[in-house]
Amino acid sequence: MIVQPKIRGYICTTAHPVGCANSVAQQIDFVKKQGPIDGGPKKVLVIGASNGYGLASRIVAAFGCQADTVGVFFERSSENNKRTATAGWYNTVAFEKQAQADGLYAKSFNGDAFSNRIRQDVCQTIKEDLGQVDLVIYSLASPRRQHPETGEISKSVLKPIGAPFQGKSLNLNTLEMEMIALEPASDDEIQQTVAVMGGNDWTLWIESLLADDLLAPGANTVAYSYIGPEVTRLIYRNGTIGRAKDHLEQTAKQLDAKLKVINGHAVVSVNKAIVTQSSSAIPFIPLYFVILTRVMKAMNLEESCVEQMHRLFQSRLFNGNGIIVDEQGIVRMDDYEMREEVQKKVMANWERVNIRNLRELADIEEYNKQFLRLFGFGLDNTDYQEDVRIDLAIPSIKS
């Protein structure tokens, strides 16, 4: 099949298997060129392992630390060779093939990470194959969650709390500036968002691993989060998503206390803003991102997912001096983004930007490039006129 991007609104409905493989190969090549990470983990569980920071973390663990890895995600395989699999599926195919070529253990689980069944299957596999893990990365992103005990379904929303919010945004389809108004969330919407994006599921994973003695002495767990700038604070950090992030950070403190029995630690890492399929549909965020990218590239501070995760592992988690956190106990990987000189320029451009100067103040081209790369498109070393197989199997998953 000749695969081309098919974009509907903020969603790309196709993924290119060779492009995804080449993208993963580039990330692996970057990590290998940095050399080994001394003192890094050797047996790693990544929950949310097929895209973005989760995939990058698995790559750094495997090819920077020579770690055996277990990955959990929810992706779609190709259906009867009629449509492509999701990008995360192809990413994992490429990751596992390279891990196997390098003699590294790699096992993946495709299913609902919120469910008891997947958690139990993963724990059983760790017990049988690895014995214990010494690092657990929690990088799960989902718009909904079914509670594993009650069956109750919660859905997250992006809304302000307490009062309506209005602000300018960028329509990425039309490249038009527009004003967006959002009504405040109800108490139920706040609670549902916390149930999906807070620390409840992270807790269940760590408690299950502890109960089954699957965490090695000194094991650490890290959950990924985002804070963002002042300009998005009312809608993001002070809104429903921020309430969930507060819960996640409180959960880290609770889990850190529980992990004292194995001399382990639990922390939240606040990472830089990146392009994801879900963030493209969030009001205000794309406009902030394209302005931020222009500024950070000009200041030579821009980092890809894998570059940032390599820095996280090497300088913050496994540096020989313990985990480096701020005064709130949080790992701040958004430190480049939140530098005073960066945010000052971003805010100045945010105030100035309009449809006439958009391309001068914002990097639309870079945004589009990164969005397409999420699905394996737009890579220079990929022939998009080539007839390619789309029915690829993940080696460790039995169909």
Item to check | Charge-dipole axis of the chain as Lys and Arg at +1 and Asp and Glu at -1 on Cβ define it, positive-most pick from Ile324, Ile291, Ala141 | outcome: Ile291
Item to check | Anisotropy class of the range 249-399 from Cα gyration tensor, a/c 1.5 cut | outcome: oblate
Checklist entry - Which shape class applies to the chain: rounded if a/c is under 1.5, otherwise prolate when a/b exceeds b/c and oblate if not, where a ≥ b ≥ c are the square roots of the Cα gyration tensor eigenvalues? => result rounded
Checklist entry - Out of Val346, Tyr384, Ile118, whose Cα points farthest toward the positive end of the dipole of the chain (charges: +1 Lys, Arg; -1 Asp, Glu; placed on Cβ)? => result Tyr384
Checklist entry - Of the residues Gln328, Gln343, Gln26, which exhibits the maximal mean-square fluctuation in a Gaussian network model of the chain defined by a 10 Å Cα contact cut-off? => result Gln328
Next on the checklist: Please compute the modelled spin-label separation between Ser142 and Asn238, points set 7 Å along Cα→Cβ, answer in nm with one decimal.
Outcome noted: 3.2 nm
Item to check | Simple Cβ-charge dipole of the chain, Lys/Arg +1 and Asp/Glu -1, about Cα centre, in debye nearest 20 | outcome: 320 debye
Checklist entry - Fewest to most neighbouring Cβ within 10 Å: what's the order for Ile235, Ile118? => result Ile118, Ile235
Checklist entry - Say R0 is 25 Å: what FRET efficiency, to the nearest 0.05, do Ala25 and Glu79 get from their beta-carbon distance? => result 0.45
Next on the checklist: Under the 0.36 nm per residue contour assumption, what length would be gained going from the current alpha-carbon distance of Arg359 and Gln66 to full extension?
Outcome noted: 101.2 nm
Checklist entry - Using mean Cβ contacts within 10 Å as the protection proxy, how do 17-25, 362-370 order, highest first? => result 17-25, 362-370
Checklist outcome for this item: For Phe109, other-chain or 5+-apart residues with amide H closer than 5 Å (H placed, Pro excluded) are Gly71, Val72, Phe73
Item to check | the chain: calculated mean residue ellipticity at 222 nm from DSSP helix runs of at least 4, using -39500 (n - 2.57) | outcome: -11500 deg cm²/dmol
Checklist entry - Once fully extended, how much extra length lies between Asn381 and Ser186, figured as 0.36 nm per residue of separation less the alpha-carbon to alpha-carbon distance? => result 65.3 nm
Checklist entry - Over the chain, what is the relative contact order in whole percent, taking alpha-carbon pairs under 8 Å and six or more residues apart? => result 23 percent
Checklist outcome for this item: Most packed first (mean Cβ within 10 Å per residue), the peptides 282-289, 42-49 order as 42-49, 282-289
Item to check | Residues whose placed amide H lies under 5 Å from that of Val157, excluding near-sequence neighbours | outcome: Thr193
Checklist outcome for this item: Projected onto their principal axes, the Cα atoms of the range 194-242 stretch, largest extent first, over whole-Å spans of 44, 22, 8
Next on the checklist: Nothing charged except the Cβ atoms of Lys and Arg (+1) and of Asp and Glu (-1): what's the magnitude of the dipole of the range 1-127 about its Cα centre? Round to the nearest 20 debye.
Outcome noted: 220 debye
Checklist entry - Hey, got the dipole for the range 162-304? About the Cα centre, +1 on K and R Cβ, -1 on D and E Cβ, debye to the nearest 20? => result 500 debye
Checklist outcome for this item: The simple spin-label model distance between Tyr105 and Asp212, using points 7 Å out along Cα→Cβ, in nm, is 1.3 nm
Item to check | Separation in nanometres of the label points that stand 7 Å from Cα toward Cβ, at Gln166 and Asp112 | outcome: 4.1 nm
Checklist entry - Which residue, Gly198, Gly264, Gly103, has the most motion in a Gaussian network model of the chain that connects Cα atoms within less than 10 Å? => result Gly103
Checklist entry - So between Met177 and Ser278, what do we pick up on full extension, going 0.36 nm a residue minus the alpha carbon distance? => result 34.4 nm
Checklist entry - Short version: ³J(HN,Hα) in whole Hz for each residue of the range 168-176, in order, from phi by Karplus 6.51 cos²θ - 1.76 cosθ + 1.60 (θ = phi - 60°), x for Gly and Pro, what are they? => result 7, 9, 10, 7, 6, 6, 9, 6, 10
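Please state the shape class of the range 160-213: rounded when a/c is under 1.5, otherwise prolate if a/b exceeds b/c and oblate if not, all from the C-alpha gyration tensor.
oblate
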Checklist outcome for this item: Spelling it out for Arg76: with amide H atoms placed in the peptide plane at 1.01 Å from N, the residues 5 or more places away or on another chain with amide H under 5 Å from its amide H are Thr86, Trp89
Checklist entry - What residue among Arg119, Arg389, Arg373 shows peak mean-square fluctuation when the chain is described by a Gaussian network model with Cα springs under 10 Å? => result Arg389
Next on the checklist: Using each residue's phi in the range 179-189, evaluate 6.51 cos²θ - 1.76 cosθ + 1.60 at θ = phi - 60° and report the 3J(HN,Hα) Karplus result to the nearest Hz, with x for Gly and Pro.
Outcome noted: 9, 10, 10, 10, 7, x, 6, 7, 4, 5, 5
Next on the checklist: Suppose we keep just the DSSP beta bridges with both residues in the chain; what percent of those would be antiparallel, to 5?
Outcome noted: 30 percent
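Values quoted throughout were computed directly from the atomic coordinates according to the rules given, and no laboratory measurement underlies them. For clarity, every value in this text was computed on a predicted model and none was experimentally measured. A quick note on method: Cβ atoms are made from the backbone with ideal geometry, for glycine too, and the neighbour counts reach across all protein chains shown.
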